[in-house]
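Asker: Sending over a structure as structure tokens; questions will come in a sec.
The values are calculated or read from the model by the stated rules, or taken from the named source; none is laboratory data. For clarity, every value in this text was computed on a predicted model and none was experimentally measured. Positions of Cβ are backbone-derived with ideal geometry, glycine not excepted, and every protein chain shown enters the neighbour counts.
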Amino acid sequence: MQKVRHNYVSKKDEFNPKRVEKASSAAKGLCEWVLALDEYEKVLTIVRPKQEKYLQSQQEVARLQESLKNIIIRFICFNSRDQQETMNNQQQLDRDIKECEVKLQRATKLMEGLGGERERWSKSSAIYEQRLKQVLGDIILSSGTIAYLGVFSNSFRQKTIKMWMDNLKGNMQFSENFSLQNILGQPILIRQWRMNGLPSDQFSIENGIIMNRCQRFPLIIDPQGQGNRFIRQNEKDIKLVKFTDSDFLRTLENTLQFGQPLLIENIYEDVDSTIDSVLLKQIFKNAGVMSVRIGDNIIPYNKQFNLFMTTKLSNPHYTPEISTKVTIINFTITQSGLEDQLLEICVSKEQPNLEEEKNRQILQQHKNKQELQKIEDQILRVLNKAENILNDEEAIQILQTSKEKSKDIEEKQETSEYTERKIDEARVQYKPIAIHGALLFFAVISLAQLDSMYQYSLSWLLNLYQEAFIKSESSQRIQQRITNINNMTLNLIYNQVCRGLFEKDKLLYSFIILIKILEQKKQIDFEEFSFIIRQITIPTEVPENPFKEWLPNQAWARVQVLIKVNKKLSQIVDSMRNFPEVWMELLDSPDGHQIRFPEPFVIITPIQRMCIIKALRPGKLPRVIQEFVASELGDKYIQPPSFSLHQSFQGSNPKSPLLFVLPGTDPMNALLNFAKQKDIQLRSVSLGQGQGVIAEKEIEDAKQSGTWVILQNCHLYPSWMPKLEKIIEDIQTQKMHNHFRLWLTSYPSEDLPASIVQSSVKMTNEPPTGIKSNLQVSYSSALYQQLDYSNKKLSKLFYALSFFHAILQERRNYGPIGFNIYYDFNQSDLFISIRQLQQMAADVSIPFHALHYLIGECNYGGRVTDERDRRVVRALLDEYLTEKVTFDTFQIQDFPIIEGLSYEEYMNQLNNLPLVQPTHLFGFHPNAEIMKDQQYTDEILRKLQQTLGSSYTDGQQNDESKKADNVLKQLCEEYLANFPRKFDIEIANAKYPHDYKNSFNTVFQQEISRFNKLFSVIQQSFIDTLNAIKGLTAMSDQLEKITQSFLIGAVPEQWKNHLLRIYRISQEESGISRIGQINKFPMSIGSLVSSLLNPSLLLSYKITPENTQQQQTNQILNSSFLKSLNDGTLIFGLFLEGCRWDYGREMIVESNPKVLTTLAPIIWLKPIQGESETKNQYVCPVYKTAERRGVLSTTGHSTNFIMNVNLPTEQSQHHWVKRGVAMLCQLSD
């Protein structure tokens, strides 16, 4: 103790609780304990001599009493004065004895009272001593976490902290198992947060600590709203406001002045500059009062003021200026946090008493810990204040009482914790329900990566989750009950989400659910699934194909990638060698994907089967996925629910709008009929400039009267969307008529607020798939029920026109060979055409020419913006709306003709139509089905990469080389190292000077200028990516999209703005080789038209000077195939799609089976005067890319369109138009 007093206690300025508390609240307790021991030792120093003196005194008393007796006997005569003095001494001695006894009793009580604390404090002392050595490192890590890591996900936080710890090793000590919760967390406060709605997972608790400890005001990324709910419950008297509120400034000023907490909700990527002074805490004294300036006003600043901001954006990009003003905290829900919430709901539904007891125990434990903390604080406070505690009876009594109370509370706490453990053991049997519900929700929110309309809120999930407990079948067996609830949850969520998905995404959604379930069961192999969803990068060196007789080289190249996936799949080449007939069947048979694989693939997982199918028959991958989903989940998960207003209406309430997601069938007719069935008035407002006030009034009236309002085309009025968002938020908090409903229609739009999309009951109503379904929908409408079927001729025309409509709808599913652009043909186009046919049929002879114009150029053609697509409509109309349709001899190849004299006869015959129709019914070659399958496969894989790709782009955790940053770094460095030099403009000008008579030079100069600009854009993308990886530049939204494109092997959209025809980029076979060919550009510019950035420029320059010399005014490009070349130019390098060139007959003929494209012959382009002859010629469009789609330019043509080339043929023009035949400069693969 002398050493302690000399080194610590004596230094009162430094070693005192208040000073120590500034460094560490834990060290404060240690300091107080040391001071208490010092006092205790002082007390013992005083008490022990007195105890010894007391014993000596007792002996002395006994001796003196004996002596006294003798003295009394012997000196009885002594005077009274001496006797009185002796008595006084005796009384004083008695008092001293009693005082010593009292102090001894107090010391005993003190020892007993603090004896129990000694062991605990000794252990704490040892812990605190170790922590004192680690405090600097821990505080540095904690400060860094609060300052920099709040915005990141949990995995990235842990990764960064680990990196910091590696850097600190050897320089300073820190806790080996560092955790922000262990260093800065206060258990009592954390438990209070949990009671106020904070999820109990580590990530959420860390978010709470960051929000509580940060120096700057927090801005919370909160797409599911759980952070918002926590703040509302945790902060008393909090004020809520939005930047768009009219009283925003007044609310801000009031909260600043009166010291109230303020929550600003739903902010976007910009923060109002009005509050910059508040965010930067630019506080100053004004007339002796702490103040802050808001605009031109000076507002008193109360230190109790606190500001919170939340955004519902899931992935916002805030500028560095905003990031330095606030502390951004990522409150995105985690799977473990959601599981805890769902488990709580589950137990409250299944075992309500158990959950009530759990909550009661949590409250009791919270109360017990608070009491224990108060008692400990009181003990230390008493010990610290008392100068000589043995003289303070009240202090001893307080310590004794506190100890007894503390012991009682500890016993209660032990009992409570034991009870809670037993409850948790009973709750854990329901954990599979919570896990299942959580993974379904994360499957749903991943869809938002595909379309902004695929957003769903957490409250929506919780409502469906609770509904599943009510609707699921009860059972006495817990495991069976769990299975029933999980199945019902899956069914409800699947049906609700499917109603709001486009048809093309419904199978994808089922597959994502299945993958999430299998991931949770640890049944997904990373490398195998990564092979499925990622684009296959063909190696630069591929071994010679030993099966070239039956295995295409492209498939063989994919096999070379497949064998590197794992040991099992590496055996496929040996299997092909041993069982070639089976693999040939897989390649050649229409149902080859269903065959049983030979050894060693007789027993393989479904994922491995999908890997093999992707390598050999990628077009069949969707069907394999469909079969996989059906076998694992059931047939109903590949047969999504049909559109039903009744079902959607049942799932709604007055506070949630119902949203029709366009494009699709116009919902107005169906909604009007539905409103009529419900006997409710429906008011419609078509949104646009000036319609906002009318919409507000209609909504307000409808809320009171219980009618319906539909706001059409919300995407066309983006400036009014914040007002609509406010109206819907008010609806959710107001009382209104129970029959009120708000209906919305909108195309997918980023302008539609996320809160509206998330809270809406979403519906899509797309045209049905297949000719039969399309005809059934058309004939089920009210218009067809009113038609006159007694006129056999007219009823045939009605059927033919309906068939024409169905053909148009189905052709859209075949991509560019169907239509260059996906047009929104719908039932209204058919209905107006039927009415026009009905009116014109009243004449003696039907004016088919006029009908063709009205239907082909106005009704349907009015939607068509591409001239090549319009001629497809005309060609189909010429086939299905002519006089021959009314003849008895009219036939549709391989498809039944329906005839009848009544509506019922037509409906009965429609039900007997085949479900599957051949491709030639739409005018296509059978190869079109392969193209359709391949396009669908590409689309599914692209969307899988968008939704699940983040889980499979970072590589396996134990393989550093496959992590995203390392892959990107290697890719960028390789490209930059091999990147070609820019063209030297000066050398080009000298070698190829501008010459009026040599248009080639002009083309060349412009082309190299474009290439140089493209080089700069591409090169800068790689440089920016490298700098972002190194942390030298900010990762902007645009740069993030570029890096994601790099990772999946796609070409960034930013590049496509400069070069339309780049399709993909890969690490092994990069675009460098293609760009390198540009160095040979001067040698081929006059002929290899497919290598140019702007082929149209070459053609116009090569032709125009000659026409100018001939003084021709009508310049028509024409193609001819002659044996002598006197003028014009030769071009080659084009591809034919939809047909092939017969070199023997010198004309286009039908494609060979399974050969989708062929190389076009060399073409001689020669200018002629006047119109070219088109008899026995097909006017074939030439496009830059296989996509064919472009932007309508001022010339009236698509930017993707180059020119028309007349190709000799024996078939009619319409035949090849319906085939979708075109020439392409570059293929998609």
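Asker: So for the stretch 610-628 (the condition being loosely packed, with under 15 Cβ neighbours inside 10 Å, hydrophobic (A, V, I, L, M, F, W, C) and more than 17 Å from Gln496 (Cα to Cα)), does at least one residue qualify?
Answerer: Checking the stretch 610-628: not a single residue is loosely packed, with under 15 Cβ neighbours inside 10 Å, hydrophobic (A, V, I, L, M, F, W, C) and more than 17 Å from Gln496 (Cα to Cα).
Asker: Checking the structure you have, find out if any residue of the stretch 584-600 is more than 19 Å from Gln934 (Cα to Cα), touching a Lys or Arg at 6+ places or on another chain (Cβ under 9 Å) and surrounded by fewer than 17 Cβ atoms within 10 Å (Cβ to Cβ).
Answerer: Yes; the residues of the stretch 584-600 include at least one that is more than 19 Å from Gln934 (Cα to Cα), touching a Lys or Arg at 6+ places or on another chain (Cβ under 9 Å) and surrounded by fewer than 17 Cβ atoms within 10 Å (Cβ to Cβ).
Asker: What residue, of Lys325, Lys349, is under 30 Å from Gln479 (Cβ atoms), surrounded by 17 or more Cβ atoms within 10 Å (Cβ to Cβ) and of a type in the set (Lys, Arg)?
Answerer: Selected residue: Lys349, the only one of Lys325, Lys349 that is under 30 Å from Gln479 (Cβ atoms), surrounded by 17 or more Cβ atoms within 10 Å (Cβ to Cβ) and of a type in the set (Lys, Arg).
Asker: For the stretch 306-327, which residues satisfy the criterion of being farther than 20 Å from Gln758 by Cα and not in a strand (DSSP E or B)?
Answerer: Of everything in the stretch 306-327, those that are farther than 20 Å from Gln758 by Cα and not in a strand (DSSP E or B) turn out to be His317, Tyr318, Thr319, Pro320, Glu321, Ile322, Ser323, Thr324, Lys325, Val326.
Asker: Working only within the stretch 524-558, note down all residues that are among the acidic types (Asp, Glu) and not in a loop (DSSP other than H, G, I, E, B).
Answerer: Glu527, Glu528, listed by residue number.
Asker: Which condition number in (1) surrounded by fewer than 18 Cβ atoms within 10 Å (Cβ to Cβ); (2) under 43 Å from the mean Cα position of the chain (by Cα); (3) basic (Lys, Arg) is the one that Arg811 fails?
Answerer: Of the numbered conditions (1) surrounded by fewer than 18 Cβ atoms within 10 Å (Cβ to Cβ); (2) under 43 Å from the mean Cα position of the chain (by Cα); (3) basic (Lys, Arg), the odd one out for Arg811 is (1).
Asker: Then there's this: For the stretch 469-503, give me each residue that is assigned to a helix (DSSP H, G or I) and loosely packed, with under 15 Cβ neighbours inside 10 Å.
Answerer: Within the stretch 469-503, Ile470, Lys471, Ile478, Gln479, Gln480 qualify.
Asker: Out of the stretch 844-885, which residues are among the β-branched types (Val, Ile, Thr), over 45 Å from the mean Cα position of the chain (by Cα) and crowded, with 16+ Cβ neighbours inside 10 Å?
Answerer: Those that are among the β-branched types (Val, Ile, Thr), over 45 Å from the mean Cα position of the chain (by Cα) and crowded, with 16+ Cβ neighbours inside 10 Å: Ile846, Thr882, Val885.
Asker: Here is a check on your reading of the model: is Ile513 among the β-branched types (Val, Ile, Thr) and outside the structural domain of Cys346 (by TED's automatic domain parsing)?
Answerer: yes
Asker: Across the stretch 548-571, what is the total count of residues that are crowded, with 18+ Cβ neighbours inside 10 Å and either among the hydroxyl-bearing types (Ser, Thr, Tyr) or more than 24 Å from Ser1228 (Cα to Cα) (or both)?
Answerer: So the answer is 2.
Asker: Which members of the stretch 781-815 meet the condition of being in a helix (DSSP H, G or I) and more than 24 Å from Thr665 (Cβ to Cβ)?
Answerer: Passing the criteria: Lys792, Lys793, Leu794, Lys796.
Asker: Moving on to the next point. Condition first: surrounded by fewer than 16 Cβ atoms within 10 Å (Cβ to Cβ), more than 31 Å from the chain's Cα centre (by Cα) and farther than 25 Å from Gln455 by Cβ. Can you find one or more residues in the stretch 262-273 that meet it?
Answerer: no
Asker: Which members of the stretch 704-757 meet the condition of being of a type in the set (D, E, K, R) and part of a helix (DSSP H, G or I)?
Answerer: Selection gives Lys723, Glu725, Lys726, Glu729, Asp730.
Asker: Among the residues of the stretch 574-583, is any at pLDDT 90 or above, among the aromatic types (Phe, Trp, Tyr) and in a helix (DSSP H, G or I)?
Answerer: yes
Here is a yes/no grid of residues against (1) in contact with a Cys (Cβ under 9 Å, 6 or more places away or on another chain); (2) at pLDDT 85 or above; (3) assigned to a helix (DSSP H, G or I):
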| site | (1), (2), (3) |
| --- | --- |
| Phe924 | no, yes, no |
| Leu941 | no, yes, yes |
| Leu944 | no, yes, yes |
| Leu948 | no, no, yes |
| Thr953 | no, no, no |
| Pro980 | no, no, no |
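Asker: Still on this structure, I have one more. Which condition number in (1) at pLDDT below 70; (2) not in a loop (DSSP other than H, G, I, E, B) is the one that Gln466 fails?
Answerer: Looking at each condition in turn, Gln466 falls short on (1).
Asker: Here is a follow-up. Would you call Val61 of a type in the set (Val, Ile, Thr), within 25 Å of Arg5 (Cα to Cα), modelled with pLDDT of 75 or more and surrounded by 15 or more Cβ atoms within 10 Å (Cβ to Cβ)?
Answerer: Judged against the criteria, Val61 is not a match.
Asker: Out of curiosity, is Arg609 modelled with pLDDT of 90 or more and outside any helix (DSSP H, G or I)?
Answerer: no
Asker: Right, next: Of the conditions (1) modelled with pLDDT under 90; (2) surrounded by fewer than 16 Cβ atoms within 10 Å (Cβ to Cβ); (3) over 36 Å from the mean Cα position of the chain (by Cα), Asn545 satisfies every one except a single condition; which number is it?
Answerer: Against the list (1) modelled with pLDDT under 90; (2) surrounded by fewer than 16 Cβ atoms within 10 Å (Cβ to Cβ); (3) over 36 Å from the mean Cα position of the chain (by Cα), Asn545 comes up short only on (2).
Asker: Continuing with the same structure: Kindly establish whether Glu528 is more than 20 Å from Pro622 (Cα to Cα) and of a type in the set (Asp, Glu).
Answerer: no
Asker: Taking the stretch 816-839 as the region of interest, how many residues are among the aliphatic types (A, V, I, L, M) and more than 17 Å from Ala670 (Cα to Cα)?
Answerer: Looking only at that region, the number is 4.
Asker: In the stretch 35-58, which residues are closer than 29 Å to Met87 by Cβ and either at pLDDT 80 or above or of a type outside the set (S, T, N, Q) (or both)?
Answerer: Once the filter is applied, which keeps residues that are closer than 29 Å to Met87 by Cβ and either at pLDDT 80 or above or of a type outside the set (S, T, N, Q) (or both), the stretch 35-58 yields Ile46, Val47, Pro49, Lys50, Glu52, Lys53, Tyr54, Leu55, Gln56, Ser57, Gln58.
Asker: Here is a follow-up. Name, by its number, the condition in (1) at pLDDT below 80; (2) closer than 14 Å to Ser125 by Cβ that does not hold for Glu32.
Answerer: (1)
Asker: Of all residues in the stretch 437-468 being closer than 28 Å to Gln945 by Cβ and of a type in the set (Phe, Trp, Tyr), which is surrounded by the fewest Cβ atoms within 10 Å (Cβ to Cβ)?
Answerer: Phe442
Asker: Could you grab me the full set of residues in the stretch 1191-1221 that are at pLDDT below 80, touching a strand residue (DSSP E or B) at 6+ places or on another chain (Cβ under 9 Å) and small (Gly, Ala, Ser)?
Answerer: Correct list: Ser1193, Ser1198.
Asker: Let me ask another. Could you list all residues from the stretch 653-668 that are more than 21 Å from Glu725 (Cα to Cα) and either in contact (Cβ under 8 Å) with a residue 60 or more places away in the chain or of a type in the set (Asp, Glu) (or both)?
Answerer: Pro663, Gly664, Thr665, Asp666, Pro667
Asker: Please verify whether the stretch 620-637 includes one or more residues that are part of a helix (DSSP H, G or I), over 30 Å from Asn484 (Cα atoms) and among the β-branched types (Val, Ile, Thr).
Answerer: Within the stretch 620-637, none of the residues are part of a helix (DSSP H, G or I), over 30 Å from Asn484 (Cα atoms) and among the β-branched types (Val, Ile, Thr).
Asker: Looking for whichever is touching a Phe, Trp or Tyr at 6+ places or on another chain (Cβ under 9 Å) and at pLDDT below 90 here; the options are Pro767, Pro722. Which one fits?
Answerer: That would be Pro767, the only listed residue that is touching a Phe, Trp or Tyr at 6+ places or on another chain (Cβ under 9 Å) and at pLDDT below 90.
Asker: Would you check if Asp933 is of a type outside the set (Phe, Trp, Tyr), in contact with a Lys or Arg (Cβ under 7 Å, 6 or more places away or on another chain) and at pLDDT 80 or above?
Answerer: yes
Asker: Another one. Identify the single condition in (1) free of Cβ contacts under 8 Å to residues at least 12 places away in the same chain; (2) under 24 Å from Leu104 (Cα atoms); (3) among the basic types (Lys, Arg); (4) surrounded by 11 or more Cβ atoms within 10 Å (Cβ to Cβ) that Arg19 does not satisfy, given that it satisfies every other one.
Answerer: Arg19 satisfies every listed condition except (2).
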